[in-house]
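Asks: There's a structure below that I have some questions on.
The values are calculated or read from the model by the stated rules, or taken from the named source; none is laboratory data. Not measured: the values here are computed from a predicted model. Cβ placement follows ideal geometry from the backbone for every residue including glycine, while neighbour counts extend to all protein chains displayed.
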Amino acid sequence: MEMYEMKDQEERGDVPVVGGKPLHGFASPAQDYLDTFISLDKELVRHPAATYYGRVVGNSMQAAGVREGDVLVIDKSLEPSEGDLVVCFVDGEFLLRFLSFHAPGGKGPRKAGKPGVSYRILRQQRLWLLPADDSLPAIEVSDANDFTVWGIVTYVIKKVR
């Protein structure tokens, strides 16, 4: 995982939006003007002082649609909950995994446990970090691990071309 800080607000820019509406198909030649702007920072970032970007390295989350090279918007101010896609720092390295308070089993990490269960309430219980790739092992976090939930992934930005 490669990590990046957000730039100062003055250094960020707005991106033009064609016709003021989302595009569905091809734009009309009459709509070849730009009439509004959208700030991706305002759309994607709720807590600027606690938000970082990360670039995915590796394919452990590919089955969940998160691929190498994708850019993550990571909010460090949010409290982790069951099923969150989290960036964790485990024994000296960053990992991208689903957070679970239940041992792995069933078809996928989001089916194990209840969404919204608070990390603060349950951190005394067993904690699992689940990859999307079934060929990789789940990690049970114990007191022996140097562990922290570094941040919660709020958006995944993909390159399509």
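Asks: Please work out which residue is surrounded by the fewest Cβ atoms within 10 Å (Cβ to Cβ), limiting yourself to the range 56-90 and to residues that are more than 11 Å from the chain's Cα centre (by Cα) and among the β-branched types (Val, Ile, Thr).
Replies: Val57
Asks: Collect the residues in the range 37-65 that are modelled with pLDDT of 90 or more, in contact with a Lys or Arg (Cβ under 7 Å, 6 or more places away or on another chain) and assigned to a helix (DSSP H, G or I), keeping them in residue-number order.
Replies: Scanning the range 37-65 gives a single hit, Ala50.
Asks: Can you name the condition, by its number, that Pro104 falls short on among (1) in a helix (DSSP H, G or I); (2) at pLDDT below 85?
Replies: Every listed condition holds for Pro104 apart from (1).
Asks: May I ask you to list pairs of residues, at least six apart or on different chains, whose Cβ atoms are under 6 Å apart, with the first in the range 43-69 being under 24 Å from Ala132 (Cα atoms) and the second being of a type in the set (S, T, N, Q)?
Replies: Filtered contacts from the range 43-69: Glu68/Asn59.
Asks: Scan Glu79, Glu68 and give me the residue that is touching a Ser or Thr at 6+ places or on another chain (Cβ under 7 Å), in a loop (DSSP other than H, G, I, E, B) and assigned by TED's automatic domain parsing to the domain that holds Phe147.
Replies: Exactly one residue qualifies, and that residue is Glu79.
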